[in-house]
Each structure stands twice: as C-alpha cells, then as structure tokens.
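As structure tokens, the structure follows; a few thoughts come after it.
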Amino acid sequence: MSQMCGIGPFVTIPLMVAAFGGPQAVIGWLAGAVLALVDGLVWAELGAAMPGSGGSYGYLREAFQYRTGRLMPFLFVWTAMLFIPLIMSTGVVGFVQYLGYLWPGMTKSQGDLVGLAVIVLVVLLLWRRVERIARIATAMWGVMLAAVLSVILASYTHFSPSRAFTWPAHAVDVTHGHFWLGFAAGLTIGIYDYLGYNTTAYLGAEIKNPGRVMPRSIIFSILGIMVIYLLLQVGVLGALDWHEMLDPHSIASSSVASAVLQQTWGKSAADVVTVLILVTAFASVLTGLLGGSRVPYDAARDGVFFRSYSRLHRKHEFPTLGLLTMGAVTAVGFLIGRHTDLNTLINLLTTVMVIVQSFAQVLAVTVLRRRQPDLPRPYRMWRYPLPSLIAATGWLVVYSYADRNAPGYHPIEWSLVWVAAGGAAFLLWSRFERIWPFAPVEIHERFRRTADADSARAAQI
C-alpha cells in the first residue's frame, strides 16, 4: 500500500474529473480497482508458483523460453527501464505543481530546475547502502499517511452532498461515444494510481507461504487503497465545486489538496499539508527508483540482460549503472511532462508497460498451464480464465485509446518504436552472447525441476 499511494491521487483527481466531465469521476477509481484486481490475480498465480526476485522477467522467461529463448524477459527489462522512471517522473511533476502553491511566483524555468535538482538529490541519497534508505522510506510513509488523512478529514468537515452527488445530465449515457472516451481516459488514470499492487510478487523469495500470503496481500492492498481513493475523491468533490478543477488558472487544477485545506481550515493548514505532500512526492520518487534500479541488476545477474548492469558499487554494494540510467530517464520524462502535460506522460508510460508486461503476463498464465501442467501452483486464479480475459480487455482499452487521450503525441507509435528498438538491441546482445536466435533454444524449467527433485527426496524418505 505504501508503494501504491504516493503523490498520484493528489495530482490526478483534477485529471479524473476532466476525463468524465463531472463528479461521476468516481467511476474511474472503481474501474481502475477492477482492472487492478483481475490483473492482480494474474500476478498472484505466477508469483505463488514461481516465488523469487525479479517478478515479471522471471515469469516471462519461464513461459516463453520454448520458442523465443530470452527475448521476452530481455524486452521486459528494456521497457521497464523506460516506464518505471516515467512513473517516477510523474512524482517529480507533482512535486513542482504543489511547490507552486507555496511559491506562487515560480517561473517555468525555475520549476524545471527545481525538478531536476530533486532528481539529483534522490540519486545522491540512493548512493549508499539500502539499510540506511529503509529508515528514510519508513519515516516518509508516515508523512504520506498524515497528508492523506488530513485532506480526507478536512474535506468531510465541510462536506456538501449536493456538490458531490449532483451529476450532470446524461453523465452515464453509455450509448454516447463521449462517455466511453472519458471512461477509457479515466481507466488509464485509475490504473496508474493503483500501480504498485504487484510489489509483493517482486519479494516472493522472502515471503513465507507465498501461495497464501501473495494473493491476500494483493487483493487486500487494492481494496484498502480503493477505499482511501474513494473517500478522497468524494470528499474533495463535496468540499470544492468541480468546475474549479477544470479552470487552469485555479489553485484546484494544480494543487487540489491545498485548495481543499485552504477553503476548509485556512491558509496556514494548507501550507502545512502542502509540505507533507511535497515530502510524499519526494518519498514516492525515492522508493520507486530504489526498487526500479534493481530490475536490470537482477536480470543481468541471471543472464537475460546486459552484463554491465550486474556490477555493484565496490563499497556500498548497490547497482550503480541501473540507478544512473533510471535517474537520467526520470529527468527526461520530467521535462517531457512539464512541457506537455501530466496526462500525456501517464499515457506514454502505460502504453510502454502494457505491451510487454501486462499483455504478456496474461498470456503467460495460459502458456504455463499448457506447457507445465504439473508445475506446483499453491494459488490458482479464481474462475480461470475469466479474470485474465477481463484483464486483457481492460489493458486493450487502455492501450487502444492512448492516442485519443493524448492527441498529437502518439503514445502508441512511440511504444512500438521503443519495443522495436529493444528487439534490435536483443539481436545485438544475443549475437554477442551466442544465444538464440544464433544458437539453439535453451530450456530451463527451473521451478518444475525443483519441485520434481523435492518430490523424489520425499519419496526416498
């Protein structure tokens, strides 16, 4: 839950209201929760059957090794090195937006410099042993909770049901194309805010009884965050006129939480909570880059990515190249978000993520059920294959509407270009490593063989 709820809801509430055109924006949070739940069941089955570090690249390696060797896990890491730092870029964009409430005269150039300075500071803080970072992250998680609870409490002390629940005429007219365009935009924003529900799967090797713990942690965290988001969205709608969130000159359009506090508890309270939100934004970037920098390291160590990413700092033992690469991409993504808009940045990162991670993992569940039917599965997806089909449909909606949600920037085309570049990089890397397609496919059914060996030892005993 700490990974899921960072700066996201504080900057996307106005975007969600704009997508739906009114307080019916709560539909977006519910739709995002449904997609997160069904996709979470995909993660739960794969993670429980193959507990280990690395998450997606391990599942894709196991499922698609039979025909394409190490291509799919390589492409996952390639795309993760773009979409993970782009997610962190949204946090920095949010940081600068809320800083603008405390610094009203901040210019565009000054905001750019502040954001870049924040990224440099994060990289410097991560340039040390992970044990020291854990204390910082824990303290910042407490600050985030205080910020969320303060906004929720303030909004309900001055709550107007008529503002929150008076929907425009034809707000949910499903026969009108405008509703579905708004729904697709809201679903994209919603799933962006729920991202992080898969965190447990990346810690599978450190979890006792993953078949029981993993699905519960995924489902409970999504439901818990959904309650928080709904309380936050409904509370804000009841405290402010939603039209203010659509006015680019209004405080509510860029710093909606600060606007709620200023209107309910006064300017001093708004200043305090804005500081808490700034700390929350900083914490989300810190923890995100901490985990993200380990993805190429784990993959390189397992032989599915460039070897240079497996090197550790001599003294502090952290992956230097992964951290520097993701820090640089975060900076580029931040500047893109600042000079386009946050909605465009969200659509760019989700399209890149959908192709190789989301679609591929849904397919991996079916492939592994056919290829390795005897693979021990402590948790089996409820009502298989229905959740995976719903997840695939949801991701298809997110992907197919991306260009309409960010007109003029072509997120779909850019995502395809990035994946194609990854394919070219894979060919060069595989030629150097002398693996498929320049050598026969190597099949390593790691988890099934381990299970078979355990069964054999048990039979001998």
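The values are calculated or read from the model by the stated rules, or taken from the named source; none is laboratory data. Model, not experiment: these values are computed from the prediction. Cβ sites come from the backbone with ideal geometry, for glycine too, and all protein chains shown count toward neighbours. Only protein heavy atoms, including side chains, enter the accessible area calculation; ligands, DNA and RNA are left aside. Shrake-Rupley method; radii C 1.70, N 1.55, O 1.52, S 1.80 Å.
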Cβ-Cβ under 6 Å pairs, at least 6 apart or on other chains, region 163-180 side over 27 Å from Ala239 (Cβ atoms) and without any contact (Cβ under 8 Å) to a residue 60 or more places away in the chain, far side of a type in the set (Ser, Thr, Tyr) and in a loop (DSSP other than H, G, I, E, B): none
Do we find a residue being within 19 Å of Trp395 (Cβ to Cβ) and open to solvent by 10 Å² or more (accessible area, probe 1.4 Å) anywhere in region 59-74? yes
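Out of Ala171, Ala137, Ala154, I need the residue that is at pLDDT below 90, over 21 Å from the mean Cα position of the chain (by Cα) and open to solvent by less than 30 Å² (accessible area, probe 1.4 Å). Which one?
Residue meeting the stated conditions: Ala171.
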Considering residues that are more than 19 Å from the chain's Cα centre (by Cα) and either charged (D, E, K, R) or assigned to a loop (DSSP other than H, G, I, E, B) (or both), the number found within region 1-26 is 2
Going through (1) at pLDDT 90 or above; (2) out of contact with any Gly (no Cβ under 7 Å at 6 or more places or on another chain) one by one, Trp436 fails only at (2)
Test: residue in region 38-47 that is open to solvent by 10 Å² or more (accessible area, probe 1.4 Å), part of a helix (DSSP H, G or I) and in contact with a Phe, Trp or Tyr (Cβ under 9 Å, 6 or more places away or on another chain): yes
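Just wondering, is there one or more residues in region 90-102 that are small (Gly, Ala, Ser) and either touching a His at 6+ places or on another chain (Cβ under 8 Å) or surrounded by fewer than 13 Cβ atoms within 10 Å (Cβ to Cβ) (or both)?
There is no residue in region 90-102 that is small (Gly, Ala, Ser) and either touching a His at 6+ places or on another chain (Cβ under 8 Å) or surrounded by fewer than 13 Cβ atoms within 10 Å (Cβ to Cβ) (or both).
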Which numbered condition trips up Ile412, out of (1) open to solvent by 60 Å² or more (accessible area, probe 1.4 Å); (2) outside any loop (DSSP other than H, G, I, E, B); (3) not polar (S, T, N, Q)? (1)
Kindly establish whether Ile84 is at pLDDT below 95 and β-branched (Val, Ile, Thr). yes
Look through region 301-319, keep the residues that are at pLDDT below 90 and part of a helix (DSSP H, G or I), and return whichever of them is least open to solvent (accessible area, probe 1.4 Å). Ser310
Quick check: anything in region 53-64 of a type in the set (D, E, K, R), in contact with a Leu (Cβ under 9 Å, 6 or more places away or on another chain) and either free of Cβ contacts under 8 Å to residues at least 60 places away in the same chain or closer than 18 Å to Ile336 by Cα (or both)? no
